[in-house]
Amino acid sequence: TVVLGNAELLVEGLADRPELLEFAALILAAAQHGTELTARLDRFARPVREAAGPTDPAEVLRAFGRRLAYSLPPEIRLELAVPPDLPPIAMAEPALVAVLDELVSNALAALRGKGTLQIWAETHFVSPEAPRIRIVVQDTGPGMAPETLRRTTTVRFTAGIAGHKTAIGLALAMRVVLAGGGRLLIAALPKEGTRVSLDLPSIS
């Protein structure tokens, strides 16, 4: 708060000193970034409760897609494919939406204003008695090198890589998915985009 307040005063007071204003603006931007990072760390540090349901994933995805379509840049195409017969899942709707927000935010950062964002869902079976839901978020961005991919869900204090923002959000998303009995899987290759899959148990 002290840094932010004084940096804002410096920016205002140095309007006629461009050679110093640039440095004050850098301080202000760094403090604002620190505020955001602190908030994300606070969210990560909190215990994640077990998810509750049932939730209709098809309904959530369709509503999510409608909301997303209004905010996309004009050169990003959204492809949404949601079958109508998806079984319900145990993850609560707010938790599922929060995870989708994180995955889509990373995908849009990777696309950098141009490309295709694909979101689809399907039912797959580990056994006839255990149907699971797969929800996929995929972008046509630059992808990631293998070493970068191995670090994507670790807690780091550095800036985003390969067009993606910090992995603290992905780490938190993974914890939320695990709390619901699911898995979060990431696949990416350089210049071939990134695919993130949620593998969630259904409620029979």
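The values are calculated or read from the model by the stated rules, or taken from the named source; none is laboratory data. Owing to the predicted nature of the structure, the values given are computational and were not obtained by experimental measurement. So basically every Cβ, Gly included, is an ideal-geometry build from the backbone, and we count neighbours across all protein chains shown. These accessible areas exclude ligands, DNA and RNA; they are computed on the full protein's heavy atoms, side chains included. Shrake-Rupley method; radii C 1.70, N 1.55, O 1.52, S 1.80 Å.
For the reader, a short list of remarks on this structure follows.
- Number of residues in the range 55-95 that are crowded, with 19+ Cβ neighbours inside 10 Å, assigned to a helix (DSSP H, G or I) and touching a residue at least 60 places away in the same chain (Cβ under 8 Å): the value is 3.
- Matching residues, the range 178-187, being crowded, with 17+ Cβ neighbours inside 10 Å and in a loop (DSSP other than H, G, I, E, B): G180, G182
- Within the range 106-123, the set of residues being within 23 Å of L200 (Cα to Cα), polar (S, T, N, Q) and in a strand (DSSP E or B) comprises Q118, T123.
- Conditions (1) under 14 Å from the mean Cα position of the chain (by Cα); (2) modelled with pLDDT of 90 or more; (3) open to solvent by 20 Å² or more (accessible area, probe 1.4 Å); number of the one not met by R175: (2)
- Whenever a residue of the range 18-31 is free of Cβ contacts under 8 Å to residues at least 12 places away in the same chain and open to solvent by less than 60 Å² (accessible area, probe 1.4 Å), its partners that are of a type outside the set (S, T, Y) and part of a helix (DSSP H, G or I), lying with C-beta atoms within less than 7 angstrom and at least six residues away or across chains, give the pairs L21/V11.
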